[in-house]
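So the structure is just underneath, and the comments pick up after that.
The values are calculated or read from the model by the stated rules, or taken from the named source; none is laboratory data. Here the structure is a predicted model, which means the values were calculated and not measured. Here Cβ is always computed from backbone atoms with ideal geometry, including for glycine, and neighbour counts include all displayed protein chains.
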Amino acid sequence: MTIEKAKVSAPGSKNAGYTKGFYDMYRDYLVEPQVRANHDLMFGIFERLAPQSGFLVMDLGCGLGEYSRYGHYSKYVGIDSNDTGAVKNFIKADYASQDVAKMVPYKPNAFVSLFSIEACYPANDVYELYERLFKENNSIMYGLTSGFFYMSRMDKETVGETGGIKSYQTIENQSERMTNGFVELRTYMETPSKMFGEDVVEVWKILLRK
């Protein structure tokens, strides 16, 4: 089954809201002290799981390439349908409709997707995509993804955000998303920022092949 992107989006998508102005704001967001502290903490937790040889990463919906700059890995490729010019090792492709792992010049053992998969798709499609990544790519052992929700708007599946965009909130019940393909470890972190406001909770998911 091919997953079709909903009319919402996240960093790295084709949505008209993702202009140069948006990316300029997002660069500033990535260096806000609380944002950077939270993201670096989660990167560090994830990287403790890395094999001795290191992570061979493909970054799905890489946008500005946050993980390429702040993560630790042996090899990295960013994949996105929109080239921001910020990622050196880059493949232009739609990760939801194409078998992007076969485009990577090595066999990735990990994927990351920061505020892309989780914000672009409803929960059913999100987990279908995760399951497909593990099922179709035997080399993939680890995943790190992130989404969010606004505490004041938890009753809404999608929300409007800075830049005139709409995104899905990560508000699904984890107990209803069990799968045979991988184990999910989930962390919630309050992450206020100038760009997105004071009541944002980030939802980080570490996925491990069973």
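General observations
- Residues located in region 138-169, provided they are modelled with pLDDT of 95 or more, farther than 30 Å from G54 by Cα, outside any strand (DSSP E or B) and not charged (D, E, K, R): M151, S152, M154, Q169
- Filter result for R186 (assigned to a strand (DSSP E or B) and over 21 Å from L30 (Cβ atoms)): yes
- Only listed residue being acidic (D, E) and without any contact (Cβ under 8 Å) to a residue 12 or more places away in the chain, chosen from E157, E176, E161, E131: E176
- Some residue of region 180-187 being of a type in the set (D, E), at pLDDT 95 or above, in contact with a strand residue (DSSP E or B) (Cβ under 7 Å, 6 or more places away or on another chain) and closer than 16 Å to S116 by Cα: no
- V8 vs. criteria buried (at least 16 other Cβ atoms within 10 Å of the Cβ), of a type in the set (A, V, I, L, M, F, W, C) and modelled with pLDDT of 95 or more: no
- Residue within region 172-192 that is under 14 Å from the mean Cα position of the chain (by Cα) and crowded, with 18+ Cβ neighbours inside 10 Å present: no
- Of all residues in region 87-132, those being basic (K, R) and closer than 24 Å to S167 by Cβ number 2.
- Strands (runs of 3 or more DSSP E) enclosed by region 64-137 - at least 1 residues per element that are loosely packed, with under 15 Cβ neighbours inside 10 Å and either within 16 Å of the chain's Cα centre (by Cα) or at pLDDT 95 or above (or both): 90-92
- So F46, is it part of a helix (DSSP H, G or I), surrounded by 20 or more Cβ atoms within 10 Å (Cβ to Cβ) and at pLDDT 95 or above: yes
- Residue within region 156-171 that is crowded, with 16+ Cβ neighbours inside 10 Å, under 25 Å from K102 (Cβ atoms) and in contact with an Asp or Glu (Cβ under 7 Å, 6 or more places away or on another chain) present: no
- Criterion (out of contact with any strand residue (DSSP E or B) (no Cβ under 8 Å at 6 or more places or on another chain) and without any contact (Cβ under 8 Å) to a residue 40 or more places away in the chain) met by exactly one of K88, K75: K88
- D40, sole failed condition from (1) surrounded by 21 or more Cβ atoms within 10 Å (Cβ to Cβ); (2) under 19 Å from M189 (Cα atoms); (3) free of Cβ contacts under 8 Å to residues at least 60 places away in the same chain: (1)
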